[in-house]
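One structure is given here, and the rest of the page talks about it.
The values are calculated or read from the model by the stated rules, or taken from the named source; none is laboratory data. Keep in mind that this is a model prediction, so the values were computed, not measured. Counting neighbours? That spans all protein chains shown, and the Cβs are built from the backbone with ideal geometry, glycine included.
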Amino acid sequence: MDFRRRLAGPPILADGAMGTELYARGVYVNRCFDELNLSQMDLVSRIHSDYLRAGSELIETNTFGANRCKLAPHGFGDKVERINELGAKIALQAVEKCAVNAYVAGSIGPLGRRLAPLGKMPVNEAREAFAEQARGLVKGGVDLIMIETMIDPVELKIAVEAVRGTTDLCAVYTEGLERNGLRRYVGKDCRRYRTPGCRRDRHQLLNRSEQASRSS
């Protein structure tokens, strides 16, 4: 079932953190977790499979930091699309191996660099970095894109635009908010940066979440 149609149904149980599981299984924090899609595919696959067997209906690819800004310091800046493509394929193969119905979300996290004018990262380079990652995930066959843990609304907006310019797959995003739910650490009101078409879906999801909580 198309993911957009599935959103009209009951809540979807997603997996847990990939990085935490990799660390628990002996991969230290000085390693490039995303590069494991190249060097330790079986380990990544086992984590996906464990989540699926535990009942996950949606798993995310091991690509949270698989952008050129974070891969380059580890010597993998020229393998962005390949790492993302493999991340998608590993997750899809785990779904097939476990013989379950589950969605694979292509994980895209922050670039890890401040954008101009507050930082040195030009906006056009940031947009291309997100698009490059999205191309690899789409090539690998993901069902949707998950833009995760964004704390800068400008970076979030650029990421959404880059993904939309690359694919028509559903794009879901999560944000890091302060306690009042409106402002991030950068001091900007997130309501100013809603992208067209997001408000209705956001409110529908919140309403469904509240209904599920009351019925549980």
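Quick check on Leu7: is it farther than 18 Å from Lys139 by Cβ, of a type outside the set (S, T, N, Q), out of contact with any Phe, Trp or Tyr (no Cβ under 7 Å at 6 or more places or on another chain) and loosely packed, with under 15 Cβ neighbours inside 10 Å? No, not satisfied. The condition (being in a helix (DSSP H, G or I), among the charged types (D, E, K, R) and modelled with pLDDT of 95 or more) is satisfied by just one residue among Lys139, Lys157: Lys139. Being touching a helix residue (DSSP H, G or I) at 6+ places or on another chain (Cβ under 6 Å) and aromatic (Phe, Trp, Tyr) is the requirement here; does Phe64 meet it? So Phe64 does not fit the description; no.
Of the residues making up segment 49-78, those that are in a helix (DSSP H, G or I) and either of a type outside the set (A, V, I, L, M) or touching a Leu at 6+ places or on another chain (Cβ under 8 Å) (or both) are Ser49, Asp50, Tyr51, Arg53, Arg68, Cys69, Lys70, Pro73, His74, Gly77, Asp78.
Within segment 10-43, the set of residues being within 14 Å of Leu58 (Cα to Cα) and either among the acidic types (Asp, Glu) or not in a helix (DSSP H, G or I) (or both) comprises Pro10, Pro11, Ile12, Leu13, Ala14, Asp15, Gly16, Ala17. All conditions in (1) in contact with a strand residue (DSSP E or B) (Cβ under 6 Å, 6 or more places away or on another chain); (2) closer than 14 Å to Gly112 by Cα hold for Phe130, with the sole exception of (1).
Go through segment 52-96 and give me each residue that's of a type in the set (Gly, Ala, Ser), over 16 Å from the mean Cα position of the chain (by Cα) and over 18 Å from Thr20 (Cα atoms). Gly55, Ala72, Gly75, Gly77, Ala94, listed by residue number. Can you say whether Met41 is surrounded by fewer than 20 Cβ atoms within 10 Å (Cβ to Cβ), touching a strand residue (DSSP E or B) at 6+ places or on another chain (Cβ under 7 Å) and in contact (Cβ under 8 Å) with a residue 40 or more places away in the chain, as far as the supplied structure shows? In short, no.
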